Structure formats: structure tokens, C-alpha cells
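FYI, it's all coordinate maths here, none of it is from the lab. Keep in mind that this is a model prediction, so the values were computed, not measured. Here Cβ is always computed from backbone atoms with ideal geometry, including for glycine, and neighbour counts include all displayed protein chains.
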Amino acid sequence: MIFPDAMLGMLGGGQLGRMFTLAAHSMGYRVAVLDPDRLSPAGAIADVHLRAAYQDRDALQQLADSCVAVTTEFENVPADSLRWLSAHCTVRPTGDSVAVAQDRIREKRFLAQNGFDVAPYATIESIEDTADVDPALLPGILKRARFGYDGKGQARVSTLDQLRAAFIALGSEPCVLEKQVALACEVSVVAARGADGSTKSFPVAENQHHDGILDMSIVPARVSSALAQQAASCAQAIAIKLGYCGVLAVEFFVTTDGTLLVNEIAPRPHNSGHYTIDACATSQFEQQVRSLCGLPLGDTRLLSPVVMVNLLGDVWQRGQPAWEAVFSCPEAKLHLYGKHEARVGRKMGHYTVLGADPDDALVKALAVRRKLCPDFQLQVA
């Protein structure tokens, strides 16, 4: 086990790295962040900020020399950097695990080959492949295999002509075409697997999206206990099959006939797991520290029903937001990420609202948002 005062390394300096750093500091650890952005949210509070590219060998050597263990905050860090670091210090998760989740084609094949249900799909690696697509997959969603997030790198297509045009518009790079399924809702599970092979899951979150970006998470998800248990068990099974060590999130589609389909894997803490900071015995970020350091996994009990609402840069477009809207609600907790530029669509922070039950928390969360950003009202089912 790695105990407090050790230096931990983080590849990536965004908000997930920042929240990891806050959790690590509260537990007595020091943190070195590698991120090229001089204004990175995690770098601003880390003990050491190495401002260099993720492939920079000198910076990686500095990280390896100063850190007992290293992890990552996002899936698009080069897997080879993680592999190189693993020859010099503890790295969790491994580069091989991350490599599966950072490529949709590899991810889909991994899931299908290991018996996890996914939506019908086809891989599109060239313009010629579009001619061989089964029409039964249409209408569908074409997704770039790499570097897509928050709805970016995707296109909805209904015909073969639209498919060809979308493939070209996405740069003629390898893609996955997924058949559109009839959705009842979308849920996610943040799970963890420790260095000793033990696994735990946080309560299932019910997620609402707007323009491809997560808007809010409702916890516990308003689904049957059987389906929630199925999702939690599936997430833990994926971690085991991956040989994973660390925190990962699994996003699911719930179809109108009650079928649970795996949508995506994220090899890191997840936006939909931010509620754990205020509403669980252990946060997903403390769990990340625990798994990285080989400590026993923490208690994942939900202490209160909760709703998490994302705050995008849109809220700042008329000036400083009306924060009294959040602070006037006793059950609300505000979390800002320390980003210096509020761009439309950029995740700047979130707030959580606790409640007696999910619907009570949702009513209060929406009341806060009506005051905080009256120009944006998402219709919630």
C-alpha cells in the first residue's frame, strides 16, 4: 500500500484531475500533474505542475522519478505514455486497458466478444465500407472511433447517402455506425476495481442530455431495482474482463422494452459520478486515490438522494451568474472548476441538490436553475 505524503502523478489537468487532487490532498498525499496548459484547473492546485506534452519523454521521466504511482483523468492520453511509465512506477489503470476504451471500434469488439449487450453496429473504416452497410442499421448514429466526446464527432444518418456524406464530413476516419434504439432512458454506473481484485459500484445514475452534453444526473435512477442491480453487476464484470484497476464509468441505454445495452466505457471518474462528492460515503475521486494506492476500496453507500446539474459556459454569457440562486437553497452545493474562460458548451462547474427522494431533489434542482439560468430550461421527464 502507498500511504500519505507520497507523491501521486496525474496525466491530465482538467476538472477531473482537479477533483482528484483535492481528494488526494485531503487524504495527505501530494500530487504532480502533467498537462501542457499553463492554466489547467488541476495544475493550479497541484504540488507540481509539469507543463509539457503527454508524450514528452523528459516530463514523463520527471513524473516517474518523483511519483510512486500515476493515473490519468481522461481516456485520450496516449496509451504508450502509460505503458512507458509502467516500467518505472505503479500505473493504474494500465495503458492496455485505456487503449480499449479510447477507440470505439476496439471497445465495441471487446464488449461483444465478452458477451456484453450493445446496440447493433458496424465498423466503417473506409468510404467503400459504407456501401456494404446493412440497411437495418438505419437510422443510426455515426461516431468517430477516436477523440469524440460530449456529442462531438457524431452525426445522425437515415440513408446510405447521408452515411457517406457524414463519413466524409467526419474526416473519412474510422467510425462506428450504431443503430438508433428506442430509448426509455440512459443510465450510468461508476465502478471501481482495487489492486486486490475487489470491485464496488456506486448507485446508478439516471442521465439527461442536452445537445449531446450531460445536463443532469438523478440518483438513485428511477428504474427498477432489478435493472439497477443488472447495470451495477455489468459494470463490475467489465472491469474484471478488462483487467482494470481504478475507477471507470459505464454508460448504458435502457430501451423501451427494458433491455440494458452498454453504450460506452470511460476509464476514469465520470461527470455523472460527481454527485458522489456530496451524497456518498466515499467520493469517486477518493475511490480513485484508494485504488491507485492499493488501499481497500471505500464504502459506496448513498447517504441521500441527489441531483447533479452541469454548469456550462453558456451561464456566463450575460456576465457573472447569479450565485445567490444556488446559495439560497440550503440543500445545494456549488462546485466550480477554476477555468479561466467561459465558452459556450464548456463545462465550468456543477451543483448538486440533496432531497428526501429523487423527485424532491429534482424539483429543488430545477428551481435553482430557473433562477440561475432562466434562458435555458430543459424539459425533464
Which residue fluctuates the most in the chain, going by a Gaussian network model with Cα springs under 10 Å, if the choices are A322, A361, A281? A322
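Decide, for the stretch 179-226, between rounded, prolate and oblate: order the square roots of the alpha carbon gyration tensor eigenvalues as a ≥ b ≥ c, take rounded if a/c falls under 1.5, and otherwise choose prolate if a/b is larger than b/c, else oblate.
Working: a/c = 2.08, a/b = 1.89, b/c = 1.10.
Prolate shape, in that a/c is at least 1.5 and a/b is the bigger ratio.
Full-extension gain between L302 and D132, please, as 0.36 nm times their residue separation minus the C-alpha to C-alpha distance. Write down the numbers at each step before the final one.
On the way: separation 170, 0.36 × 170 = 61.20 nm, distance 4.76 nm.
That pair, L302 and D132, stretches by 56.4 nm at full extension.
What ranking do L362, L260, L63, L292 get, fewest neighbouring Cβ atoms within 10 angstrom at the top? Could you put the intermediate results ahead of the total?
On the way: L362 22, L260 17, L63 25, L292 28.
So the ranking, lowest neighbour count to highest, is L260, L362, L63, L292.
Quick one: longest stretch of the chain between exposed loop trypsin sites (Lys or Arg not before Pro), exposed meaning at most 11 other C-beta atoms within 10 Å and loop per DSSP? Walk me through the numbers on the way to the answer.
Details: sites that count: R38, R301, R318.
For trypsin sites (Lys or Arg not before Pro) (loop position, at most 11 other Cβ atoms within 10 Å), the longest site-free span of the chain is 39-300.
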Counting only C-alpha contacts under 8 Å and six or more residues apart, can you give the relative contact order of the chain as a whole percent? 14
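Would you tally the net charge around V262, using a Cβ to Cβ cut-off of less than 13 Å, leaving V262 out, and scoring K and R as +1, D and E as -1? Present the calculation step by step, with values, prior to reporting the outcome.
On the way: positive: R104, K108, R109, K241; negative: E107, D117, E178, E186, E251, E264.
With Lys, Arg at +1 and Asp, Glu at -1, the net is -2.
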Give the aspartates and glutamates whose C-alpha is closer than 19 Å to that of K241, dropping any in the same chain fewer than 8 places away, or say none. E75, D96, D103, E107, D117, D196, E251, E264
How many angstrom separate the Cα center of the stretch 317-381 from the Cα center of the stretch 1-55? 27
Can you list the DSSP H helices in the chain whose Cα atoms extend at least 15 Å along the helix axis and whose mean Kyte-Doolittle hydropathy is -0.5 or higher? 15-26, 225-242, 358-372
So which aspartates and glutamates pass the test for K364, namely a Cα distance under 13 Å, with those fewer than 8 places away in the same chain ruled out? E331
Which value in nm describes the separation of the simple spin-label points at H340 and D117, placed 7 Å from the Cα toward the beta carbon? 4.9
Relative contact order (%) - criterion: Cα under 8 Å, at least six apart; region: the stretch 183-372: 21
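With 10 angstrom as the radius, rank C329, C89, C245 by how many other C-beta atoms surround their C-beta, starting from the fewest.
Working: C329 19, C89 16, C245 23.
Least to most surrounded, the residues fall as C89, C329, C245.
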Run the reach check for K347 against aspartates and glutamates, Cα to Cα strictly under 12 Å, same-chain hits fewer than 8 apart removed. What comes back? D150, D215, D314
Can you list residues whose amide H is under 5 Å from C185's amide H, if they're 5+ apart or on another chain and H is modeled 1.01 Å from N? V254
Taking H350, H209 and counting other C-beta atoms within 10 Å, the order from fewest to most: H209, H350
Specify which labelled value, from (i) 58, 51, 43; (ii) 73, 53, 33; (iii) 76, 52, 41, agrees with Cα extents along the principal axes in Å derived from the coordinates of the model shown. (i)
